[in-house]
Amino acid sequence: DKIVCIMVGLPARGKSYISRRLAPYVSFFYGAPAKVFNVGDYRRKIARTTSMADFFDSSNQAAMKARAQACEEALTDLKRWIGETPSQQQRLDQKLHQSGDFGSLAIFDATNSTQSRRAWLVEQLKDTGAKVIFIESVCRDERLVQQTILHAKESVGNHDYEGVDPAVAIADFEARIRHYEQWVDAKVSLAADGSPVPCRLWTSSLLRTRRTARHISTPVAFRNLDELYAGLCDGMTYEEIADNYPDEAEARGADKFQYRYPRGESYTDLIARLEPLAHELERSREPVVIVAHQAIHRVLFAYFMGMPREECIHVSIPLNTVIKITPTSNGCEE
C-alpha cells in the first residue's frame, strides 16, 4: 500500500522532527521509499523574504495567497512523487530481505490546523489511491516549545530568523503561534519541574557486554542486541573461515550486506532484528546508553545518521569508544 501521513499541530510542536525521523525509519527498516514534503520550504521559496509573524495573520491577504500556493505546490509534488515511485513489490526483482509490506510513504509536513484544510487534502489525495493517516503532535511544555523555536532558527535551510536576535525570534514565533491558535483549541501550559532526567542502560545478552556495564546500575539485556550470528562459522576468525569455507568467504566478500552465514544471519536479518528496538529508542524520552557489538552499532549508527541501509557495513565503530548521537529537528548529530 501507498501511504500519505499528514502532520497536524501548532508550530514548534515537533511535526518536522517527527517527519524527519519517520521517513528514514520506514526507508531503513522496511526498504520502502519515503519522502517528506515540508510546506514551509515551499513557502520560503515563494515569499523570498523573511516571514515574520504578520505573514501568518489571516487578514494579510497577499500572504494567505502565498501560503495557499505553497500548500498546493507541495501537494502537487507529493502526488507526482507517490504516483511515479515504484512500490516495494515492483522492486523485488532482487533477492532482498524485506520487512513488512510497505509500498511507499509520503509525509505532508504542515500545520493543517483546520478541518476544512484536512478535508481538502483528503479529497485531493483520493485519485492517488493512497491510505491517508493524520498524525497530530501536541506539546504543552512551554520550555520545550521555546527550545524548538531556537532549533528552528538555527536549522540549515530555515531563513525565517536568519540574523535575528534569539529573544526577538522567540517573541515573533510566539506571535505566529497565536495566529494559528485562532483555529485550534487553546493550549494548556504545564511547567517543567527541572528534575534530573533518568538514563536507560541497554546491553546484549552476551556476558562480555554485561561485564562492561557492571558498574552501572539496573542494566537491561536484550537478545536483539546480540552480535550478528555467524552460524557454522561462529567463533572462527576470517582467516579460519577462508581456510575451511572458501566459497563462503568469497560470497561474503562479494556482497557483505546481503550475505548470510550458513545457518546464521546477514546484515538484512540484523536490521529486521533491530527494528523493534529502534522503535523503542524513537519513543524513549530519556537518554539511552547501549553497550553492544560492532555490527549492532553499525546498523544503529547508520539508521540514526540517515544513511542508506546498504551503507551500514562501511560504518567505522572504534573499540573502547563512546559515540554520542543527539536528535535535532533536522535529524541526528554525532
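Here are some notes:
- Peptide packing: for 70-82, 311-323, the average count of neighbouring Cβ atoms within 10 Å per residue gives the ranking 70-82, 311-323, highest mean first.
- Distance from the alpha carbon centroid of segment 16-33 to that of segment 254-324 works out to 15 angstrom.
- Packing around the peptides 20-29, 279-288, taken as the average count of other Cβ atoms within 10 Å per residue, puts them in this order, highest first: 20-29, 279-288.
- Remark: for residue pairs 45/65; 65/131; 15/35; 45/79; 2/79; 45/324, the C-alpha separation exceeds 23 Å in 65/131; 45/324.
- P(r) of segment 232-296 over all Cα-Cα pairs, binned every 10 Å from zero, in whole percent: 18, 41, 23, 15, 3
- Per residue, the convex hull spanned by the Cα atoms of segment 209-334 measures out at 119 cubic angstrom.
Read the figures in this text as sums done on the coordinates, not as results from a lab. Predicted model only: the values in this text are computed from it and were never measured. All Cβ positions, glycine included, derive from the backbone under ideal geometry; neighbour counts span all protein chains shown.
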